[in-house]
Amino acid sequence: MEKFAPYAVTETVSRGRRHAEPPPRARGEFQRDRDRIIHSTAFRRLEYKTQVFINHEGDLFRTRLTHSLEVAQLSRSIARALGLNEDLVETVALAHDLGHTPFGHAGQDALNACMKAFGGFEHNLQSLRIVDTLEERYAAFDGLNLMFETREGILKHCSPANARALGELGRRFIEGMRPSLEAQIVNLADEMAYSNHDVDDGLRSELLSLEQLDTVTVFAQCRREVVARWPELAGRRLVHETIRCMVDALAFDLITRTRANIAQAGVETLDDVRAAPTLAEYSGEMSLRLRELKAFLFDNLYHHKRVLSMTGKAQRIIAELFAAYMAEPDRLPPQHRVRVKRSGAESGKARAVADYIAGMTDRFAMKEHRRLYGKSEVNALRGSELS
Ligand code: MG
C-alpha cells in the first residue's frame, strides 16, 4: 500500500459506493474507478470534442481528451508531492470534462439556453450525471457506481436547488464545507493546464503573438529567463521552454503554499480538510499573475473574432438540433426515447434531448445537423476553419 499523508482520501475513510460491490481482487477501489472512467463511452468521445478549437481545425490542437490527460498528469505530480491519493486525482481529472457538449463553451451556453425552462444545462453537473446514471455498462446498476470521493471531486460547483436534490453529495454546498484536498488539487490543475496549453495553441494558430503575450507578466518573466539562458533560441522551442517555465513556476508555488496552509491550519484528517477553509491555493502574488494570464486569454483568444465566428455557428447547430428532437422525439435513438417515455413530462423529454446532444462529438453533431437540416449550416461552419 502506498503511504499517504494522514489527511489524504483512503479506502478506509471513504464513504464508499452507492451500490455495494465485492472489493476488487488485484487493484485499489480508486484504481477501479479510474479504469471505469477510461472504459466508458463518454471518455472515448472526448477525443472528438472541442477544447477551444473545433476538432477539425487541426491535428495539433488540444481536444478535451488531451486536455484531460494533461490535467491528470499535473494533478498526479502535485498529489504525490503533497502525499495525497494519486489514483483519486487521476480519476477525477480524467472524468472532470465528461459532461462537455460538442463545440466547447459555445455548445454549453447554447444548450443551457435551450434548457432554460427545464432546469438549465451545466457541464459539470452533466459529468456527474454521466457517471451516476447515463453510462449503461453494468447489469446491477445504472452509471458507473463510483466511490463517493470520486463523485465529490467531479461535482465542482452546484446551485442550492441542485445541491438539495443530490442529497449526501450536495450537502457540502449547503453547509459550506470543502471537498477533499484531492478534489481541490484537480480543480486548480485544470485551470493550470488550460491557461498554459491555450497559450501554446493560441500561438500555434497565430491568433496570438509573442509580442502580445509579452504584456502578460508571468509569460514575459519566463521568456526573459529562457532568453537569458539560451540567447539564440527562437520559434517553437522558445515557446515550449517559456510554457514549461510557467507550468513549473505555478506548480511549485501551488505545492509550497498548500503545504504551508495545511501546516498552519493544523489539519490532520480528511474531516479537518472538509471543515477548514480552502487549503489548495497559490500565493497571493501567483494568483494575481494567473488571473492576469486568464484575463488576457479571455480577451485575446476566447473572444478573438475568428473563434467567435465559429462560436455563433456552433450555437446555431445546437439550438436547431434541440428544436428538431423536441418537435420529433422519435428521431432520438432507442435508449433516449425510452427516457422520454418513462418521464412522460415535457421536462423529461427536454432532459433526454439534452443528454443526447451533450453526448455528441463535434463531427457527429455536424453530421446529424446536416441530416436534419441539409448542408448549408455545416458548410458555413467549415468555412470558418482555421488552417
Ligand atoms: Mg477542464
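The values are calculated or read from the model by the stated rules, or taken from the named source; none is laboratory data. Since we're looking at a predicted model, the values are computed, not measured. Neighbour counts run over all protein chains shown; Cβ positions are idealised from the backbone, glycine included. Please note that ligands, DNA and RNA were not included when accessible areas were found on the heavy atoms of the full protein model with its side chains. Shrake-Rupley method; radii C 1.70, N 1.55, O 1.52, S 1.80 Å.
Observations on the model:
- The set of residues in region 46-71 that are modelled with pLDDT of 85 or more and away from the ligand (no atom under 15 Å from the Cβ) contains only Y48.
- Filtered by the rule that a residue be without any contact (Cβ under 8 Å) to a residue 40 or more places away in the chain and surrounded by fewer than 20 Cβ atoms within 10 Å (Cβ to Cβ), region 107-121 gives N112, K116, G120.
- Candidates in region 143-164 are the residues that are at pLDDT below 95 and not in a helix (DSSP H, G or I); of these, the one that is farthest from S180 (Cα to Cα) is S159.
- Among (1) closer than 20 Å to V247 by Cβ; (2) crowded, with 18+ Cβ neighbours inside 10 Å; (3) not hydrophobic (A, V, I, L, M, F, W, C) - the single one R45 does not satisfy: (1)
- Region 192-208, residues that are away from the ligand (no atom under 16 Å from the Cβ) and under 13 Å from F53 (Cα atoms): G202, L203, R204, S205, E206, L207
- Residues that are outside any helix (DSSP H, G or I) and either open to solvent by less than 10 Å² (accessible area, probe 1.4 Å) or among the charged types (D, E, K, R) (or both), drawn from region 176-206: R178, S180, E206
- F61 being open to solvent by less than 50 Å² (accessible area, probe 1.4 Å), assigned to a helix (DSSP H, G or I) and aromatic (F, W, Y): no
- Subset tally (residues that are among the charged types (D, E, K, R), within 16 Å of the ligand (Cβ to nearest atom) and touching an Asp or Glu at 6+ places or on another chain (Cβ under 9 Å)) for region 82-104: 1
- Enumeration of residues in region 12-40 that are in a loop (DSSP other than H, G, I, E, B), among the charged types (D, E, K, R) and in contact (Cβ under 8 Å) with a residue 40 or more places away in the chain: R15, R17, R18, E21
- Comparison of L88, L74, L94, L84 shows that the only residue that is open to solvent by less than 40 Å² (accessible area, probe 1.4 Å), assigned to a loop (DSSP other than H, G, I, E, B), under 20 Å from L181 (Cα atoms) and touching a residue at least 24 places away in the same chain (Cβ under 8 Å) is L84.
- Flag for F173 being more than 19 Å from the chain's Cα centre (by Cα), surrounded by fewer than 22 Cβ atoms within 10 Å (Cβ to Cβ) and in a helix (DSSP H, G or I): yes
- Residue, surrounded by the most Cβ atoms within 10 Å (Cβ to Cβ), within region 248-301, restricted to residues that are part of a loop (DSSP other than H, G, I, E, B) and in contact with a Pro (Cβ under 9 Å, 6 or more places away or on another chain): V267
- Each residue in region 105-121 was checked for being closer than 20 Å to L134 by Cβ and within 16 Å of the ligand (Cβ to nearest atom), and 2 pass.
- Filter result for N145 (away from the ligand (no atom under 16 Å from the Cβ) and surrounded by fewer than 21 Cβ atoms within 10 Å (Cβ to Cβ)): no
- Members of region 207-243 found to be in contact (Cβ under 8 Å) with a residue 40 or more places away in the chain, within 14 Å of L293 (Cβ to Cβ) and not in a helix (DSSP H, G or I), listed by number: L208, T215, V216
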